[in-house]
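The values are calculated or read from the model by the stated rules, or taken from the named source; none is laboratory data. Treat the numbers as computed from the prediction; the structure is a model and nothing was measured. Every residue, glycine as well, gets a Cβ built from its backbone with ideal geometry; the counts of neighbours run over all protein chains shown. Each accessible area value is taken on the protein alone, full model and side chains, heavy atoms only, with ligands, DNA and RNA left out. Shrake-Rupley method; radii C 1.70, N 1.55, O 1.52, S 1.80 Å.
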Amino acid sequence: DAKTTQPNSMESNEEEPVHLPCNHSTISGTDYIHWYRQLPSQGPEYVIHGLTSNVNNRMASLAIAEDRKSSTLILHRATLRDAAVYYCILRANAGGTSYGKLTFGQGTILTVHP
Amino acid sequence: GAVVSQHPSWVICKSGTSVKIECRSLDFQATTMFWYRQFPKQSLMLMATSNEGSKATYEQGVEKDKFLINHASLTLSTLTVTSAHPEDSSFYICSAKGTSGSPLHFGNGTRLTVT
């Protein structure tokens with residue numbers, strides 16, 4: 001599986017934007033970029049995903065580099081409830097044999113200060 | 001939105017006993033479910049892929065006779081930890097795949113403590 005690289009930790013202040021980077025230089029053309037987050041003692045929660053174009057939803061925005069070798073998850077206004085471990089994961093397309101299997105890296109621990 | 005329910009949320013058992021964990025998709029049919037294990041301060045590790053009506057596929061290093069998986073219906077998969085030992089104490093999390101292209105939905109995990 002193609003690997004992703006994320007900073008171990010990041011800090012933010014409440015109400016400020018947060019940009020969480022992810023490098024995936026060996027991404028294949030059919031890999032989707034998924035972001036999940038995990039709050040303490042809970043299962044992961046889907047945040048957003050994309051293939052080539054930037055994506056927005058109610059939780060966050062995903063900016064994908066033109067060469068797809070990196071992406072950035074953007075939380076527009078961080079809240080204390082956004083403190084979690086954020087995982088950037090590559091997921092095979094629907095036709096791939098490994099579709100659905102997620103390989104979790106260490107993720108980025110986001111701390112939000114009041 | 002789609003919900004995956006996992007039960008129990010925590011369990012304490014004695015060494016040598018077996019524990020069953022249930023994973024249910026509440027509002028969608030899941031032909032495939034996944035079981036993960038997470039040790040403290042570590043990331044999730046995929047244990048096995050559970051396919052409805054067929055045998056589970058285990059990841060390398062995971063003992064299939066110790067971690068029994070049954071996926072008898074489109075909404076229920078169970079993981080049984082047999083002859084549990086303290087080293088099996090962990091956070092077990094299931095996820096379910098819905099329609100093609102949809103994100104995976106995760107349960108809230110089961111904290112297993114073996115004494």
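Keeping all protein chains in the complex and leaving out DNA, RNA and ligands, what accessible area do you get for residue B:75 with a 1.4 Å probe, in Å² to the nearest 10?
It works out to around 50 Å².
Output needed: Cys residues of the protein assembly as shown lacking any neighbouring Cys C-beta below 4.7 Å, sorted by number.
B:13
Considering every residue in A:40-48, what mean count of other chain Cβ atoms within 10 Å of its Cβ is obtained?
6
Could you compute how fast the protein assembly as shown diffuses translationally, taking Rh as the Kirkwood radius over C-alpha pairs and applying Stokes-Einstein at 25 °C with viscosity 0.890 mPa s? Give it in µm² per second.
Values: Rh = 18.2 Å.
It comes out at roughly 135 µm²/s.
Over all residues in A:84-90, what is the mean tally of Cβ atoms on other chains that come within 10 Å of each residue's Cβ?
1
According to a simple spin-label model (label point 7 Å from Cα along Cα-to-Cβ), what is the distance in nm between residue B:85 and residue B:66?
Rounded to a tenth, the inter-label distance reads 0.6 nm.
For B:106, B:39, give me the order by solvent-accessible area with a 1.4 Å probe, most accessible first, ignoring ligands, DNA and RNA.
B:39, B:106
How would segment B:43-97 be classified by its alpha-carbon gyration tensor: rounded, prolate or oblate, with rounded meaning a/c under 1.5 and the a/b versus b/c comparison settling the rest?
Prolate, since a/c reaches 1.5 and a/b exceeds b/c.
What order do B:36, A:32 take when sorted by accessible area (1.4 Å probe), most exposed first?
These residues rank, largest area first, as A:32, B:36.
Percent of Cα-Cα pairs per 5 Å bin, from 0 to the last occupied bin, for chain B, please list those.
Result returned by the calculation: 2, 13, 24, 25, 20, 10, 4, 1, 0.
Farthest toward the dipole's positive end in the protein assembly as shown, which of B:10, B:105, A:74, given Cβ charges of +1 (Lys, Arg) and -1 (Asp, Glu) about the Cα centre?
B:10
List the lysines whose Cα lies under 24 Å from the Cα of residue B:64, skipping any in the same chain that are fewer than 8 positions away.
A:101, B:14, B:20, B:55, B:97
What figure in square angstrom, to the nearest 10, would you give for the accessible area of residue A:103 with a 1.4 Å probe?
80 Å²
Between segment B:18-85 and segment A:1-38, how far is it from one alpha carbon centroid to the other, in angstrom?
Their Cα centres are 27 Å away from one another.
Ignoring ligands, DNA and RNA, how do A:58, B:24, A:37 rank by accessible area with a 1.4 Å probe, largest first?
A:58, B:24, A:37
Seen from all sides and averaged, what is the projected area of the convex hull of the Cα atoms in segment A:1-45, in nm²?
Projected area, direction-averaged: 4.6 nm².
Given 5 Å bins starting at zero, what is the percent of C-alpha pairs of chain A in each, up to the one with the largest pair distance?
Percent of pairs per bin, in order: 2, 13, 24, 25, 20, 10, 5, 1, 0.
Checking the cross-link filter: which aspartates and glutamates have an alpha carbon closer than 18 Å to that of residue A:69, excluding same-chain neighbours under 8 positions apart?
Within the straight-line cut-off, residue A:69 pairs with A:1, A:31.
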